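**Student:** To start, I am sharing the structure in question, which I have written as structure tokens.
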Amino acid sequence: MAGLNKVMLIGNLGRDPEIRYGQSGTAVVNFTMATSDQWTDKNTGERQERTEWHRIVVFGKQAETCEKYLSKGSKIYVEGRLQTRSWEREGQTHYTTEIVVSNFQFLGGRTENQGGGYQNQGGYQQGGGGYQNQNQGGYQQPPQQGSAPAPNSNNFQDHTSPGGGMTSGPDPIPDDDIPF
């Protein structure tokens with residue numbers, strides 16, 4: 001039986017999306033996203049909160065849309081898969097685990113920099129809880145009820161080759177990047 005690699009998160013961006021273009025011209029956006037859990041401590045009765053940070057990667061037209069309409073603090077739903085990549089720097093191998101997005105949905109209201117809104121962006125149709133990443137780059141297929149989203153056709157490894165713009169390691173997340 002095949003395994004399952006699926007991640008669904010709702011959170012806030014910790015920094016503005018950074019766009020790069022791979023050797024093939026495909027747009028790649030990276031940003032961090034914060035999620036938090038809240039609970040009441042059984043011993044003290046005090047409310048506790050823990051924030052978890054996630055590295056997010058988006059490809060193609062979806063990446064360009066994220067770069068255009070999202071900013072630090074924006075609330076977003078993402079759906080994708082976990083992927084670990086490695087690179088060499090100064091003789092040491094470094095690893096990072098990222099969420100490669102297949103679907104996303106902007107949450108919350110528009111901000112001033114969003115202009116007319118993402119719903120009117122040419123070629124996209126909202127529906128079914130997010131945007132479908134189709135193999136041919138088309139985004140107009142209606143969502144299918146009760147079925148899994150289309151697989152991400154972009155091979156993440158293609159964009160991490162030398163000179164591809166993503167060979168440096170992860171950036172540390174400064175405390176002032178916490179969106180709340």
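A short reminder: the numbers here are calculations on the coordinates, not readings from a lab. These numbers were taken from a predicted model, which means no experiment stands behind them. Heads up, the Cβs are rebuilt from the backbone with ideal geometry, glycines too, and the neighbour counts pull from every protein chain shown.
**Student:** Among the residues of the range 29-58, count how many are closer than 11 Å to Ile19 by Cβ and of a type outside the set (A, V, I, L, M).
**Tutor:** Filtering the range 29-58 for residues closer than 11 Å to Ile19 by Cβ gives 29-31, 58.
Still in the list and also of a type outside the set (A, V, I, L, M): 30-31.
Of the residues in that region, 2 qualify.
**Student:** So how many residues does the range 88-112 have that are surrounded by fewer than 16 Cβ atoms within 10 Å (Cβ to Cβ) and either among the aromatic types (Phe, Trp, Tyr) or without any contact (Cβ under 8 Å) to a residue 24 or more places away in the chain (or both)?
**Tutor:** Residues meeting the conditions: 9.
**Student:** Now for a different question. State the number of residues belonging to the range 45-60 that are loosely packed, with under 13 Cβ neighbours inside 10 Å and farther than 16 Å from Tyr77 by Cα.
**Tutor:** 6
**Student:** Considering only residues that are surrounded by fewer than 19 Cβ atoms within 10 Å (Cβ to Cβ), in contact with a strand residue (DSSP E or B) (Cβ under 8 Å, 6 or more places away or on another chain) and not hydrophobic (A, V, I, L, M, F, W, C), which ones fall in the range 27-44?
**Tutor:** Thr35, Ser36, Asp37, Gln38, Thr40, Asp41
**Student:** State the number of residues belonging to the range 59-83 that are among the basic types (Lys, Arg) and over 29 Å from Gln23 (Cα atoms).
**Tutor:** Initial filter on the range 59-83 (among the basic types (Lys, Arg)): 61, 68, 72, 75, 81.
If we keep only those that are over 29 Å from Gln23 (Cα atoms) too, we end up with 75.
Summing the residues that are among the basic types (Lys, Arg) and over 29 Å from Gln23 (Cα atoms) in the range 59-83 gives 1.
**Student:** Condition test on Ala63, is it of a type in the set (Gly, Ala, Ser), touching a Gly at 6+ places or on another chain (Cβ under 8 Å) and surrounded by 13 or more Cβ atoms within 10 Å (Cβ to Cβ)?
**Tutor:** Numbers: of a type in the set (Gly, Ala, Ser): yes; touching a Gly at 6+ places or on another chain (Cβ under 8 Å): no; surrounded by 13 or more Cβ atoms within 10 Å (Cβ to Cβ): yes.
Judged against the criteria, Ala63 is not a match.
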